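Working notes for the structure below.
The values are calculated or read from the model by the stated rules, or taken from the named source; none is laboratory data. From a predicted model like this one, the values you see are computed outputs, not experimental measurements. Glycine gets a Cβ as well: all are built from the backbone with ideal geometry, and neighbour counts include every protein chain shown. The accessibility values were calculated without ligands, DNA or RNA, using every heavy atom of the protein model including side chains. Shrake-Rupley method; radii C 1.70, N 1.55, O 1.52, S 1.80 Å.
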Amino acid sequence: MDILKFITAGSVDDGKSTLIGRLLYDSDSILADQLEALHSSNRKNDDGSIDLAILTDGLKAEREQGITIDVAYKYFQTDKRKFIIADTPGHIQYTRNMVTGASNANLAIILVDARKGVIEQTIRHSYLVSLLGIQQVVVCINKMDMVEYSEAIYETIVNDYKALAYKVGLKNIKYIPVSALKGDNIVHASSNMKWYEGKSLLPFLESVELDIDDSRAHARFPVQWVVRPQTEELHDYRGYAGRVSSGSFKVNDKVTVLPSGFHSTIEKIEVLDAEPAEAFAGMSVTIHLKDEIDISRGDVLVNTEYLPEVSQLIEADLCWMDTRALDPSLTYFIQHNSKVTRCKIREILYKVNINTLEKEFNEDFKLNDIGRIVIKTAEPLAFDLYQNNKANGGAIIIDSRTNVTVGALMLRAVAE
């Protein structure tokens with residue numbers, strides 16, 4: 001059974017937590033003790049019904065304020081698929097939390113309040129979803145019960161969002177009119193919106209196709225550990241352990257080790273006691289090569305016919321996550337898969353005002369700012385462009401003084 005990882009995003013009070021709570025409640029995915037706590041809670045909706053947002057508002061501050069602050073992860077499954085939900089905060093001051101939650105998502109649910117339509121925060125969330133390369137988007141037009149389930153209002157919002165989607169570059173979009181509070185079109189079809197002929201949210205999530213990249217073109221294997229037991233019975237054993245980050249490898253594939261550029265051929269693939277003929281993205285394996293090559297942690301095995309970029313000067317989109325502003329005079333660490341090396345911010349090209357999408361050309365890069373930079377690394381990185389291969393196109397920046405992760409990178413080009 002495959003796993004769909006998705007995020008919810010929307011403005012404050014658009015009903016993200018309520019929507020997830022309704023999804024869990026109506027699909028019978030709540031444990032007995034959670035259900036008991038839910039019914040005994042003092043937090044109720046205005047109509048006296050249970051406040052389902054309690055299921056995801058895990059922090060005390062969230063329960064007190066009725067907003068989402070941190071990323072809340074929920075897990076459930078149906079007969080057709082397993083799901084991991086990341087309920088991400090909508091407020092601009094928690095942009096870094098949304099970026100973290102969205103980094104591994106296959107799909108994004110963007111909520112729009114039917115009373116307000118497309119607003120400034122909708123633009124911001126849609127831009128972030130596009131920036132992070134999420135291919136599947138569901139726009140849930142929520143609180144339809146508060147606009148008398150009006151088809152005309154729904155159509156107006158759909159048309160407005162289509163213009164925004166074109167502007168930010170989103171393509172695969174599904175529109176669903178819902179009421180998370182009342183349960184319309186969440187798990188079951190709504191009798192109040194018979195004019196809507198599409199699937200409800202859960203049936204759509206169960207059936208949406210996942211984009212699984214098993215191509216040889218993106219075959220990437222970052223080495224995490226060189227296995228050399230050096231015992232008498234395993235005297236000549238030399239394997240390279242790690243996780244296939246993208247694409248697939250087969251026995252007898254010709255591979256190149258980067259950044260050194262040495263060539264060899266895959267002799268054997270091991271997974272515990274098995275020796276499969278092929279390793280796919282997500283599999284943790286040990287790869288044996290036919291030649292003895294000097295390989296270290298942080299090196300990458302790639303298909304010789306499809307080489308990635310190799311450079312020390314890289315142009316990247318940056319989301320800054322630290323309360324201390326970016327300081328171009330400092331030396332930071334950059335971690336790209338298992339490779340860690342020092343780096344400096346060579347140039348800040350621009351920041352993006354994520355409410356208006358306009359570029360700003362000042363060099364003050366603070367918490368939650370997003371923009372384009374040029375970075376210089378101490379050692380070459382073997383990377384793909386983020387828009388082509390997310391798994392090998394992302395990296396993080398670490399403060400060398402504190403070991404705190406201070407930035408998320410989407411590698412976009414080799415800088416000149």
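List, please: which pairs have Cβ atoms under 7 Å, are six or more places apart or on different chains, and start with a residue in region 181-198 that is on the phi > 0 side of the Ramachandran plot and end with one that is open to solvent by less than 70 Å² (accessible area, probe 1.4 Å) and of a type in the set (Lys, Arg)?
Here the result reads GLY183/ARG22, each pair linking region 181-198 to a residue that is open to solvent by less than 70 Å² (accessible area, probe 1.4 Å) and of a type in the set (Lys, Arg).
I need the full set of residues from region 75-127 which are open to solvent by 50 Å² or more (accessible area, probe 1.4 Å) and either under 20 Å from LYS366 (Cβ atoms) or modelled with pLDDT under 80 (or both), in order please.
Result: HIS91, ILE92, GLN93, ARG96, THR100, GLU120.
Any residue that is on the phi > 0 side of the Ramachandran plot and free of Cβ contacts under 8 Å to residues at least 60 places away in the same chain - is there at least one of those in region 92-104?
Checked region 92-104: no residue is on the phi > 0 side of the Ramachandran plot and free of Cβ contacts under 8 Å to residues at least 60 places away in the same chain.
Within region 392-416, restricting attention to residues that are open to solvent by less than 30 Å² (accessible area, probe 1.4 Å) and over 22 Å from the mean Cα position of the chain (by Cα), which residue is nearest to ALA219 (Cα to Cα)?
ALA415
Which condition from (1) in a loop (DSSP other than H, G, I, E, B); (2) in contact with a helix residue (DSSP H, G or I) (Cβ under 6 Å, 6 or more places away or on another chain) is the one that ILE153 breaks?
(1)
Applying the selection to region 207-264, what residues are more than 27 Å from TYR386 (Cα to Cα) and among the charged types (D, E, K, R)?
Scanning region 207-264 gives ARG228, GLU232, GLU233, ASP236, ARG238.
Residues in region 331-344: is at least one touching a strand residue (DSSP E or B) at 6+ places or on another chain (Cβ under 6 Å), at pLDDT 95 or above and closer than 27 Å to SER126 by Cβ?
no
Here's a check for you: in region 273-322, which residue that is within 28 Å of the chain's Cα centre (by Cα) and acidic (Asp, Glu) is nearest to ALA415 (Cα to Cα)?
The selected residue is GLU315.
Could you tell me whether LYS171 is open to solvent by 50 Å² or more (accessible area, probe 1.4 Å) and farther than 30 Å from ALA395 by Cα?
Here the answer is no, as LYS171 does not meet what is asked.
Return yes or no: is SER150 more than 21 Å from ASN353 (Cβ to Cβ) and of a type in the set (Ser, Thr, Tyr)?
Taking the combined requirement at face value, the residue satisfies it.
Taking the conditions exactly as written (closer than 30 Å to SER191 by Cα and of a type in the set (A, V, I, L, M)), does VAL158 satisfy them or not? Break it down into steps so the answer makes sense when it comes.
Details: closer than 30 Å to SER191 by Cα: yes; of a type in the set (A, V, I, L, M): yes.
So VAL158 passes the test.
So which residues in region 146-167 are within 25 Å of the chain's Cα centre (by Cα) and open to solvent by 20 Å² or more (accessible area, probe 1.4 Å)?
Residues satisfying the conditions are LYS162, ALA163, TYR166, LYS167.
In region 65-74, which residue that is of a type outside the set (Gly, Ala, Ser) and assigned to a loop (DSSP other than H, G, I, E, B) is modelled with the highest pLDDT?
The residue in question is VAL71.
Is it fair to say VAL139 is more than 30 Å from ASN337 (Cα to Cα), among the β-branched types (Val, Ile, Thr) and in contact with a Leu (Cβ under 7 Å, 6 or more places away or on another chain)?
no
On the basis of being more than 18 Å from VAL12 (Cβ to Cβ), among the polar types (S, T, N, Q) and modelled with pLDDT of 85 or more, does ASN142 make the cut? Can you show your working first?
Values: more than 18 Å from VAL12 (Cβ to Cβ): no; among the polar types (S, T, N, Q): yes; modelled with pLDDT of 85 or more: yes.
Criteria not met by ASN142.
Pick out, from region 175-277, the strands (runs of 3 or more DSSP E) lying fully within it that include 1 or more residues that are of a type in the set (Lys, Arg), within 17 Å of LEU307 (Cβ to Cβ) and open to solvent by less than 20 Å² (accessible area, probe 1.4 Å). Walk me through it before giving the result.
Numbers: elements: 220-227, 239-243, 248-250, 254-258, 262-270.
Hits in region 175-277: 220-227.
Quick check, is LEU111 part of a strand (DSSP E or B) and in contact (Cβ under 8 Å) with a residue 60 or more places away in the chain? Give the derivation first.
Details: part of a strand (DSSP E or B): yes; in contact (Cβ under 8 Å) with a residue 60 or more places away in the chain: yes.
Spelling it out, LEU111 is indeed part of a strand (DSSP E or B) and in contact (Cβ under 8 Å) with a residue 60 or more places away in the chain.
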